[in-house]
Each structure stands twice: as C-alpha cells, then as structure tokens.
Amino acid sequence: MVRLLVDPNQVQSSSEFGNILSPVALRRLQSSWQFLFRKVIWELMPADALAAHFHDVMGRPAKELYSVAGLLLIKEFMNWTNERPADSYMFDVSIQYALNLKPHQRNGQRKDMHSELRTQKRTCTM
C-alpha cells in the first residue's frame, strides 16, 4: 500500500460542513468533543509510525493515516465493536468532522478511484 499523509496543520474549514449541516448542527459540532479532537488531538496521532509500514510509491492507495490513527483512538475510547468504526468513517458526519475529512470524501477514496478509472477508460476508447 502507498502511504498517504496529510499535513495535520492544514485543518479543513468548518464551512465545508456548513454546506451539508444546518447552522444549529454546525454550532453543536463546534462545541463538542469532535471539535476538540479535530483542533488538538488529531495532529498528535502517530501517523509517521503507521507510515513506516507503507511504501512511498508502490501498492494501492491507503486511507489518510492521520484519520486512520484517529479513528482507532476513537474506537478504543468509545469501546466500539470492530464494525462500528468503518460505518462511522463512511456515514457519521460528526466523526468525519473530528477526523478532518472533507464532506465529499466521506465515502472514501475507492469511489473517487473508480470514477477516475471509468473516465480514463472512456478517454482511451474514444
């Protein structure tokens, strides 16, 4: 797998979530543990230690490692089952907010890669 690290100092704007959440919902998120996680704890995740297990260029793309490390911490802290983190990563906007994911990334990279491959395939056949 290819390592993928996003600079933790480049926190996504909360306004991106304002496009999909009501003002009340966004204010609640900004006064929740998810906000604290996003602003303080997320950048402390051991993404570099995880990156050591992935190759720089060979292999299929991995999920962004800060968000994966953060998701594992949330899983342990909340005492979730093994299935719950995957569901939360894909469907729970508050967890996506805490993990500094863009709202359009919530279905993961796989969808983006498949769309890109379809586009490339159409371009090649024309």
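Restricting the stretch 44-67 to residues that are of a type outside the set (Ser, Thr, Tyr), closer than 15 Å to Gln96 by Cα and touching a Phe, Trp or Tyr at 6+ places or on another chain (Cβ under 9 Å), which is modelled with the highest pLDDT? If you could, list the steps in order and put the result at the bottom.
So in the stretch 44-67, the residues of a type outside the set (Ser, Thr, Tyr) come out as 44-65.
From the residues that got through so far, the ones that are closer than 15 Å to Gln96 by Cα too are 63-65.
Keeping just the survivors that are touching a Phe, Trp or Tyr at 6+ places or on another chain (Cβ under 9 Å) gives 63, 65.
Numbers: Lys63: 68, Leu65: 79.
Among those that are of a type outside the set (Ser, Thr, Tyr), closer than 15 Å to Gln96 by Cα and touching a Phe, Trp or Tyr at 6+ places or on another chain (Cβ under 9 Å), it is Leu65.
Name the single residue, out of those in the stretch 1-17 being of a type in the set (Ser, Thr, Tyr) and exposed (fewer than 14 other Cβ atoms within 10 Å of the Cβ), that is modelled with the highest pLDDT.
Keep residues of the stretch 1-17 that are of a type in the set (Ser, Thr, Tyr), which gives 13-15.
Narrowing further to those that are exposed (fewer than 14 other Cβ atoms within 10 Å of the Cβ): 13, 15.
Values: Ser13: 56, Ser15: 68.
Residue satisfying both the conditions and the ranking: Ser15.
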Practice prompt. Select from the stretch 35-57 the residues that are assigned to a helix (DSSP H, G or I) and not small (Gly, Ala, Ser) and list them in ascending order.
Written response: Phe35, Leu36, Phe37, Arg38, Lys39, Val40, Ile41, Trp42, Glu43, Leu44, Asp48, Leu50
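Being of a type outside the set (D, E, K, R), at pLDDT 85 or above and surrounded by 12 or more Cβ atoms within 10 Å (Cβ to Cβ) is the filter here, so list the residues in the stretch 18-36 that pass it. Steps first, please.
Filtering the stretch 18-36 for residues of a type outside the set (D, E, K, R) gives 18-26, 29-36.
With the extra rule that they be at pLDDT 85 or above, the set shrinks to 20-26, 29-36.
Of everything in the stretch 18-36, those that are of a type outside the set (D, E, K, R), at pLDDT 85 or above and surrounded by 12 or more Cβ atoms within 10 Å (Cβ to Cβ) turn out to be Ile20, Leu21, Ala25, Leu26, Leu29, Gln30, Ser32, Trp33, Gln34, Phe35, Leu36.
Within the stretch 69-81, can one find any residue that is within 22 Å of Gln34 (Cβ to Cβ) and at pLDDT below 75? Outline the logic, then answer.
Of the residues in the stretch 69-81, the ones within 22 Å of Gln34 (Cβ to Cβ) are 69-81.
Next, from what is left, pick out any that are at pLDDT below 75: none.
Within the stretch 69-81 (the criterion being within 22 Å of Gln34 (Cβ to Cβ) and at pLDDT below 75), the answer is no, since none of the residues qualifies.
The values are calculated or read from the model by the stated rules, or taken from the named source; none is laboratory data. Every value quoted in this text rests on a predicted model; they were computed, and no experiment measured them. Here Cβ is always computed from backbone atoms with ideal geometry, including for glycine, and neighbour counts include all displayed protein chains.
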